[in-house]
Amino acid sequence: MRTGLSEDLIARVLGAAPKYTLAELEEKFPPRNLPDGAMVTRFAPSPTGYMHLGGLYSGLIDYKLARQSGGKFLLRIEDTDTKREVKEAVDLIINSLQRFGIKNDNDDLYGPYYQSKRKDIYHSVAAELLRNGHAYPCFLTQEEMDNIRENQKAAGFATGIYGEFARDRDISAEEIIKRLDNGEVPTIRLYSTGDPTKRIIFKDTVRGSISVPENNEDIVLIKSTDRLPTYHFAHLCDDHFMRVTHVVRGEEYFGTVALHIQMFRMMGWQLPNYIHTATLDKIDEETGTQRKLSKRKDPENNVDFFLAGGWPTDAVIEYLGNILAPGYEEAKLKGAVKTFWEYELKPKKIPMSGGLFDMKKLEWWAKEYIGSMAVPDLVKSVTDWANEYGDEKQKMQVADTDYLIAVLAIERDNPKRVRKDFITWKQTLEIVEFFWDELFVANTEYEYNRDVLKAFLETFNIADDKDTWWDKIVAVAEKFGVKNGDVAMNLRVALSGRTNTPDLYSIMQVIGADRVIKRIENML
Ligand code: GLU
């Protein structure tokens, strides 16, 4: 510890006198009144105008833990590094989360939730550290730091501002005043007393008990450029005063956790529980090896891919949930729970190494999900998607709701044997295109048995019930000495253009007598 700065100097190095004392901050952001075991989590994206799947994965952990424990899920915008306009990027994050069913519990009491608006809080905490000698103003220029770095490298030392290399760590009040008078603006650095030959032991909820070397770097707390905090310092202040209990973040932060623990201890604040999660990986199509999802190579890395592509967002969540809680699928198949929201996510069981995201597996979840939907919900989802993302064709398909209901209701009356060929809203509309004359493409390749088609048409009556209809098909088959299935196949291809469709009788009922007659006649 060094000698603390006077209030006067604190105000000068920070640019203004701090607004609050620590006691005032403690009172302003009181411990939350929540039931025992309630977790307060936060998703803390830096807005980039892009919401990636890993972000959704991480946000899902936060949200699920908060929700299942009767806690709070906060959305904090880490915008201290962003030079550009963040409003649009933030809207995109909020909107994407909401579409996947994730809503935040931000309340005014613990806000604001934009870091750029929390300067008073950071400065008040920094002032306290300056006051008690745990921090100091540092006037090193970029050029001076570059030099230090070069020298450290040449001599084989670890790089960074620490110990003897931290020129200003014992700077005197006179020197500070001189430099301030000279117009220099300092960064505020931590006065680290850590010793990297010693280790800190802490418990990571996912990784268990871990020991990491102590931190000896005098890291920057407040930047000189805009007087905003670094990630490290903001994490300390925000997670403390937002009363966050569980910090879920990527494994890339594991390397600086010693520093974070050091700061919490220095403040005498309770350490949050850390959950350092692994990245979301995939199997590379070309090499067959597991790797991180890549912004450049993988369209599925952007959550917009799932929205624009008409993937059921609930199915994406179900699948991500199963990656997080691998027992979920089994519990669901057994009927013990219906959705991931009902299943308990055990923080300890979150995968420690890369969770694997596989589009083929997602297809399974999507098929299951759509298969279990009631027709009106399916129709609504498909319609909403088409109206927002669809092309003219798809918009036309959803324009007549009654017809769409009839089309999508086929083979959904028996819950035990629901068709499982729908994967996305988009592909659903593609599969059923032949129901619309504008989109129907006659199959002219197929070798039709014209006699069979003609004979069927002569007996066809749309009012026939299914048995009568089938008897007529059997009769035609007998007459021409072909299989019943051959007759059905001729009709199927003539009416749909395809050799594979759901129930043929239902198709005829839905498209109606006129289309049946017209399409068969055209083939003749
Ligand atoms: N803004 C940081 C990020 O986007 C947040 C990390 C954290 O959750 O603490 O990676």
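The values are calculated or read from the model by the stated rules, or taken from the named source; none is laboratory data. Since the structure is predicted, the reported quantities are computational estimates derived from the model, not experimental observations. Glycine gets a Cβ as well: all are built from the backbone with ideal geometry, and neighbour counts include every protein chain shown.
A quick yes/no check of all residues on (1) in a helix (DSSP H, G or I); (2) in contact (Cβ under 8 Å) with a residue 12 or more places away in the chain; (3) surrounded by 15 or more Cβ atoms within 10 Å (Cβ to Cβ); (4) away from the ligand (no atom under 15 Å from the Cβ):
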residue	(1), (2), (3), (4)
I10	yes, yes, yes, yes
P18	no, yes, yes, yes
P45	no, yes, yes, no
G49	no, yes, no, no
I61	yes, yes, yes, no
E88	yes, yes, no, yes
I93	yes, yes, yes, no
D120	yes, yes, no, yes
Looking only at segment 64-86, count how many residues are away from the ligand (no atom under 12 Å from the Cβ) and at pLDDT below 95. 4
Which listed residue is charged (D, E, K, R) and in a helix (DSSP H, G or I), from K426, K338: K426
Of the residues in segment 341-372, how many are in a loop (DSSP other than H, G, I, E, B) and among the basic types (K, R)? 1
Among the residues of segment 252-263, write down those that are surrounded by fewer than 22 Cβ atoms within 10 Å (Cβ to Cβ), of a type outside the set (F, W, Y) and within 11 Å of the ligand (Cβ to nearest atom). E252, T256, V257
Tell me which residues, restricted to segment 187-207, are of a type in the set (K, R), loosely packed, with under 14 Cβ neighbours inside 10 Å and in a loop (DSSP other than H, G, I, E, B). K198
Of the residues in segment 20-43, how many are within 16 Å of the ligand (Cβ to nearest atom) and outside any loop (DSSP other than H, G, I, E, B)? 4
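Looking only at segment 168-186, count every residue that is part of a helix (DSSP H, G or I) and free of Cβ contacts under 8 Å to residues at least 60 places away in the same chain and tell me the total.
Summing the residues that are part of a helix (DSSP H, G or I) and free of Cβ contacts under 8 Å to residues at least 60 places away in the same chain in segment 168-186 gives 5.
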Over segment 374-428, the set of residues small (G, A, S), over 13 Å from G309 (Cα atoms) and touching a helix residue (DSSP H, G or I) at 6+ places or on another chain (Cβ under 7 Å) is A406, A409
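Would segment 326-335 turn up any residue that is out of contact with any helix residue (DSSP H, G or I) (no Cβ under 6 Å at 6 or more places or on another chain), within 22 Å of P415 (Cβ to Cβ) and surrounded by 16 or more Cβ atoms within 10 Å (Cβ to Cβ)?
Looking through segment 326-335, at least one residue is out of contact with any helix residue (DSSP H, G or I) (no Cβ under 6 Å at 6 or more places or on another chain), within 22 Å of P415 (Cβ to Cβ) and surrounded by 16 or more Cβ atoms within 10 Å (Cβ to Cβ).
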